[in-house]
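Bear in mind these aren't lab numbers, they're just calculated from the coordinates by the rules spelled out. These numbers were taken from a predicted model, which means no experiment stands behind them.
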Amino acid sequence: MIKNSIENLGSWIIVLLQNLGRIVIFFSQGIFYIFISPFQTKKIIEHTWFIGTKSMLVIIMTAIFTGMVLGLQGYYTLVRFGSEGMLGSAVAISLVRELGPVFCAIMITARAGSAMAAEIGMMRVSEQIDALETMNINPIRFTFSPRIVASIISFPLLTALFDVIGIFGGYIAGSLMLKINSGLYFYRVKESVVMADIIGGFIKSFVFALVVVTICCSQGFFTHLQNKGGFGAKGVSFSTTTAVVNSCVFILVCDYIITFFLV
């Protein structure tokens with residue numbers, strides 16, 4: 001019994017190290033091929049459009065209701081202490097430091113990350129990636145490197161959009177609905193948010209971009225190694241689900257680590 005437990009633990013550790021090493025090599029090669037000419041400008045623009053521009057609607061909708069919820073909850077919390085005038089500070093700092101980068105990354109993962117994993121996974125099971133290798137075209141450079149650049153461009157811009165829309169949502173709930181003075185609301189926003197908060201939010205969005213694109217693309221790229229799901233459509237669905245779940249978990253883990261060092 002003890003021997004079997006030790007063997008299972010050892011097998012699990014070996015598989016974990018294999019997967020970790022595979023992802024590290026995959027990420028390193030993807031970064032390397034970004035700087036090798038000819039540069040894939042057209043594909044970078046296409047993926048930026050898909051990851052960034054086409055995610056704007058869901059980001060705007062999520063941001064405005066997140067800001068409104070913060071406005072309502074913040075007001076009814078602060079009013080107990082006679083500090084409802086600080087609502088603008090509470091909403092702005094919460095969004096810029098934490099909720100903006102995290103919620104934005106999770107929503108992009110749900111919309112674009114799942115699509116990346118599924119698309120690359122289908123390329124793997126339909127042997128398109130094998131065909132690229134046969135034609136002496138590096139599949140990592142073709143499928144992964146342009147998406148890295150597109151994610152690095154899109155995530156910080158969408159995070160900034162999320163923050164601005166979210167603050168406006170807090171204004172709707174706090175000033176228009178609960179009658180807090182609008183001038184006071186925006187004054188507190190201006191006075192409370194400093195450059196360090198903004199830079200910290202952008203650092204998080206940059207890290208989240210690398211985490212999401214690496215996990216989602218690697219899950220699709222190595223779909224054929226996902227024994228639990230098989231090799232066909234079932235394997236692609238398993239890889240896509242795993243990509244989204246792992247991305248969301250690692251977003252929260254990275255958020256805690258970055259916050260620990262920035263606070």
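Taking Val236, Val245, Val213 as the candidate residues, the one with maximal mean-square fluctuation in a Gaussian network model of the chain, Cα springs under 10 Å, is Val245. Considering only alpha-carbon pairs that sit under 8 angstrom and 6 or more positions apart, the relative contact order computed for the chain is 31 percent. Once the mean 1/r over all distinct Cα pairs of region 72-168 is inverted, what Kirkwood radius in angstroms do you read off? Mean inverse Cα-Cα distance, inverted, gives 16.4 Å. Length, then width, then depth: along the principal axes, the Cα atoms of region 139-263 run 60, 29, 27 Å.
Directionally averaged projected area (region 13-117, Cα convex hull): 10.3 nm².
Run the helix sum for the chain: -39,500 (n - 2.57) per DSSP H stretch of 4+ residues, divided by residue count, reported at 222 nm to the nearest 500 deg cm²/dmol.
Estimated from H runs of four or more residues: -26000 deg cm²/dmol.
The distance from the alpha carbon centre of region 97-154 to that of region 37-63 is 11 Å, rounded to a whole number. Based on the Kirkwood approach, the hydrodynamic radius assigned to region 73-118 is 12.4 Å, with every pair of different Cα atoms included.
In this entry, the chain is assigned a mean projected area of 18.1 nm², taken as a quarter of its C-alpha convex hull surface.
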